[in-house]
Amino acid sequence: KKESRFLTYRDKRKKAKEVTYNYTAKNYTLIPENINKDVTILDLSYNQITLNITDTRVLQTYFLLTELYLIENNVIILHNNSFGKLSNLEILNICRNSIHIIQHNAFIGLNKLKQLHLCQNKILQLNSDIFIPLKNLILLNLQGNLISYFDVPQLFHLEFIILYGNPWNCSCSLLSLQNWLNTSNVTLENENITMCSYPDILNRYNIKMVPYEANCYSKFPSPITADLYHFQSVRDSTFNSSLNNLTSNSEHESHGKSWTLLIGVVVTVLVTSLLISIAIKCPVWYNFLLSYNHHRLEEHEAETYEDSFTGNPSSPSQIQDTNSEETTVIFEQLHSFVVDDDGFIEDKYIDTHELHEEN
């Protein structure tokens, strides 16, 4: 009966007036604006279209479209209201792109959509509410993505669904999907190859035939409970992940702070030792420098120091008989005498051998 309904829909579509434009493999980066506004079937596959804001604006002008093909382009995000004015669209095929984000209102306005193909993209998670506007959807193709969990919305009345090629996690959280597949009129295409990926013990089962334990059924008495369980699982996993990250970061920060503290202590000790050493040495250096504050001696002082140095006291008359040249030499040699604090005379500039010869 389902197959006959689907074929009847196909036959009716073929009888309708079709205006087809094929722009495949044209290396387009934007949707062309010069297409006939009466176009009903538009194929833009194998280009480089990203379905950005400009593309969305142009696309809204082709409001008679019944089929749109964007296979193997560069679409990454399906933005809100991307197809808002395409109220006659019945087939939308965006397979083999790089879609990983589908915004909540991406499919608003597609009231007549029958087939939605999102196969071979990079979809990781789907919010089931995005399909609520698609009240006439018959076929949903999610083959070859990265989906591990899929919750079925209450208003989902599909007839055909394609789910193989995804890494399905067949834990208790997938029980609601299995119940829907087994109790509704939907047909799971390629059922025999729609297999579990996790846990390993269940990877030989397809998602429709997984034997769940009794505790899973107690956790999921209704679809609403399944939603709550899934939310709790995501919340707990997020909390545990955040806690582990926080603990790891705290350990790294503690190690970093320990090294910083150690370096700070070492630098403080070195600077303090240097300051103490400078404080102790300063008076000694000051006295050492002060000892070299020389002054020229008066003539009678030079004679007095000469007598005391040679140990040969002489009378003033003897000194007056001395040659004036000798007196000058002695005066120049003795001018650097400094009286130290301890009463001793220290002079490093007098040649004692020459002084004895003169004496």
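The values are calculated or read from the model by the stated rules, or taken from the named source; none is laboratory data. These numbers were taken from a predicted model, which means no experiment stands behind them. Here Cβ is always computed from backbone atoms with ideal geometry, including for glycine, and neighbour counts include all displayed protein chains. Heads up: the accessible areas ignore ligands, DNA and RNA and are worked out on the full protein's heavy atoms, side chains in. Shrake-Rupley method; radii C 1.70, N 1.55, O 1.52, S 1.80 Å.
Here are the numbers for the structure shown:
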quantity	calculated
Förster radius 45 Å - calculated FRET efficiency between residue 30 and residue 208 (Cβ-Cβ, nearest 0.05)	0.60
Heavy atoms of residue 260: accessible area, 1.4 Å probe, square angstrom to 10	100 Å²
Residue 197-residue 18 FRET efficiency (beta carbon distance; Förster radius 51 Å; 0.05 resolution)	0.80
Contour minus Cα-Cα distance for residue 185 and residue 98 (0.36 nm per residue)	28.2 nm
Label-reachable residues, the stretch 108-135, where backbone N falls under 11 Å from a point 7 Å from residue 157's Cα toward its Cβ	135
Percentage relative contact order, the stretch 94-205, counting C-alpha pairs under 8 Å, at least six apart	21 percent
Rounded to the nearest 10 Å², the accessible area of residue 200 at probe 1.4 Å	110 Å²
